[in-house]
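**Student:** This is the structure, below, for whatever I ask next.
The values are calculated or read from the model by the stated rules, or taken from the named source; none is laboratory data. None of these values were measured; they are calculated from a predicted model. Virtual Cβ from ideal backbone geometry, glycine too; neighbours counted across all protein chains shown. With ligands, DNA and RNA removed, areas are computed over all heavy atoms of the protein, side chains included. Shrake-Rupley method; radii C 1.70, N 1.55, O 1.52, S 1.80 Å.
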Amino acid sequence: MIAITTAFAATWTTVTSQETGSYSSAFKFLAFANAFTCGFALLFLSFVFFFGRHGLNPTNHLLFLHDMFLMSLMLSGVAAGTAFGYLGRRGNSHAGWSQTCDPSNK
C-alpha cells in the first residue's frame with residue numbers, strides 16, 4: 001500500500017506541477033512509469049488478495065516477476081528524470097546547453 005500511495009503521489013505531483021521542464025519527454029516518461037506502476041500494483045494487489053493462497057503456487061512466482069518488472073520500470077523512469085535534472089543543473093558544454101538552475105553560482 002505504501003508503494004501504491006507514493007507512486008500515486010509522485011504521478012500527481014509530476015503531472016500537476018507548473019515547472020518549465022514538465023514538457024520534457026524524460027518527465028513524461030517518469031509520470032507514465034509512476035502511473036503504470038501505481039495502477040498495476042493496485043490491480044495485482046487486489047488479484048493476490050482475492051485469489052491468492054498461502055504456500056507454494058505459481059502466483060508467488062508471478063508476484064516476484066511482476067515486482068521485478070515494476071521495479072525495472074520505476075528505475076528507468078527515475079533515471080530519465082534524474083538525467084534531465086542533472087542537465088538542468090549542470091548543463092552540457094559539448095552540446096552547447098547552458099545550465100538553467102541557479103546560474104548565479106553563489
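**Student:** Which pairs do you get when a residue that is in contact (Cβ under 8 Å) with a residue 60 or more places away in the chain and more than 9 Å from PHE27 (Cα to Cα), found in the range 76-88, comes within reach of a residue that is open to solvent by less than 70 Å² (accessible area, probe 1.4 Å) and of a type outside the set (Gly, Ala, Ser), reach meaning Cβ atoms under 6 angstrom, with the pair 6+ apart or on two chains?
**Tutor:** GLY88/CYS101
**Student:** Would you confirm whether any residue within the range 58-77 is at pLDDT below 75 and open to solvent by less than 50 Å² (accessible area, probe 1.4 Å)? Even if it seems obvious, please write down each step before you answer.
**Tutor:** Of all residues in the range 58-77, those at pLDDT below 75 come to 58-60.
Keeping just the survivors that are open to solvent by less than 50 Å² (accessible area, probe 1.4 Å) gives 59.
There is at least one residue in the range 58-77 that is at pLDDT below 75 and open to solvent by less than 50 Å² (accessible area, probe 1.4 Å).
**Student:** Mind telling me which of the residues PHE50, PHE36 ends up being open to solvent by 40 Å² or more (accessible area, probe 1.4 Å) and either at pLDDT below 85 or over 15 Å from the mean Cα position of the chain (by Cα) (or both)?
**Tutor:** The conditions single out PHE50.
**Student:** Next up: Restricting attention to the range 18-33, and to residues there that are at pLDDT below 80 and within 21 Å of LEU75 (Cα to Cα), which single residue is surrounded by the most Cβ atoms within 10 Å (Cβ to Cβ)? Let's see the steps before the verdict.
**Tutor:** The initial filter retains those residues of the range 18-33 that are at pLDDT below 80, namely 18-27.
From what's left, within 21 Å of LEU75 (Cα to Cα): 21-27.
Values: GLY21: 15, SER22: 13, TYR23: 8, SER24: 17, SER25: 9, ALA26: 17, PHE27: 20.
Going through the qualifying residues, I end up with PHE27.
**Student:** Need pairs with beta-carbon distance below 6 Å; first residue within 15 Å of GLY85 (Cβ to Cβ) and in a helix (DSSP H, G or I) and within the range 14-40, second modelled with pLDDT under 85 and open to solvent by 70 Å² or more (accessible area, probe 1.4 Å); sequence gap 6+ or separate chains.
**Tutor:** ALA31/VAL15
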